[in-house]
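Right, one structure below, let's go through it.
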Amino acid sequence: MLQYALKRLVLALLVALTVSLVCFLLVNLSTDVATAMAGEGATAETIDAIRKQYGFDRPLLIQYFEWLGRATLGDFGDSLYFRTPVAALVLERMPTTMILGASALAFALALSIPLGVVAALKPNSWVDRLTLTVAVVGQAMPTFWFALLLMFLFGVTLHLLPISGGDTWEHFVLPSIALGYYATPAIMRLTRSGMLEVLESDYIRTARAKGLRNTSVLFKHALRNAVAPVVALAAVQLGFLLGGSVVIETVFALNGLGYLAWEAISHNDFPVVQAVVLLISLVYIVLTLLADVANAWLDPRIRIA
């Protein structure tokens, strides 16, 4: 188990290094950073002065390693728009995004696991088709469109929940539903397939032959084993939710990392864009690593493979 974990850790570090390189190159190759910082109407002398001041005239490889060295220490420079250290901005906005991601995942689990169990208990029935329809709709519907529907129904029409801001827990209800519904299909399908496989296993037939009640067989034996892979998938889905928070936070005006990224892109604040993209990518890599280790711990066959 330790050897497998070390291999996955080395792979995660290599992926993190690649992500940092891509993040750096996307910003520096997509536009002339010095020209964007100088603004419209800037003279060539001003642009050259900015390029020399920030070291943009040096080779990209040198710029990358210097940026990576500072980023490793938590120094992403100063925001060009907010005029404050980028690390301080990120730390200030991070709790909102983490709360949104955790609550969205909780909603997705609360909805998808029961639907997956019900679908597995009645395969190929109208109940099964209905749950699969819910999954398809959740995967096909754009999150921003679903968010607008929720805002119109529960905020504008019924006046039950606020539609912008993040001062109270009520402000996170609609964003969590809109974001969590996106993760529902994958978890529901995995739960359904896991339950179908477990219900056909020998130990479930043995448990029923012993005269155990259906509820005991279902929840104590079947669901306990079928949901094990869902734990690992949930970690990966949390990474997707954090990355997808950009759209939801912008729609609901939540001051999290996603909204910060949108503000930074709107104002050509490249240091903030690099920091947010890199941070969310690293969180996803860490969650994927934990999911792989959890899968290997739950299923020893993965370690052998």
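Data overview
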| read-out | value |
| --- | --- |
| Among the residues listed as 97, 184, the single one being touching a residue at least 60 places away in the same chain (Cβ under 8 Å), over 30 Å from residue 224 (Cα atoms) and either part of a helix (DSSP H, G or I) or in contact with a Pro (Cβ under 8 Å, 6 or more places away or on another chain) (or both) | 97 |
| Considering residues of the stretch 251-279 that are free of Cβ contacts under 8 Å to residues at least 40 places away in the same chain and more than 12 Å from residue 93 (Cα to Cα) only, the residue surrounded by the most Cβ atoms within 10 Å (Cβ to Cβ) | 262 |
| Of residues in the stretch 142-163 being in contact with a Phe, Trp or Tyr (Cβ under 9 Å, 6 or more places away or on another chain), touching a residue at least 40 places away in the same chain (Cβ under 8 Å) and of a type in the set (A, V, I, L, M), the one most open to solvent (accessible area, probe 1.4 Å) | 163 |
| Residues (in contact with a helix residue (DSSP H, G or I) (Cβ under 7 Å, 6 or more places away or on another chain), part of a helix (DSSP H, G or I) and not aliphatic (A, V, I, L, M)) located in the stretch 46-62 | 46, 51 |
| Condition check for residue 111: assigned to a helix (DSSP H, G or I) and open to solvent by less than 40 Å² (accessible area, probe 1.4 Å) | no |
| Residue in the stretch 275-295 that is at pLDDT below 80, of a type in the set (Gly, Ala, Ser) and farther than 27 Å from residue 169 by Cα present | yes |
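The values are calculated or read from the model by the stated rules, or taken from the named source; none is laboratory data. Model, not experiment: these values are computed from the prediction. No Cβ is skipped: glycine too gets one built from the backbone with ideal geometry, and neighbour counts run over all protein chains shown. Each accessible area value is taken on the protein alone, full model and side chains, heavy atoms only, with ligands, DNA and RNA left out. Shrake-Rupley method; radii C 1.70, N 1.55, O 1.52, S 1.80 Å.
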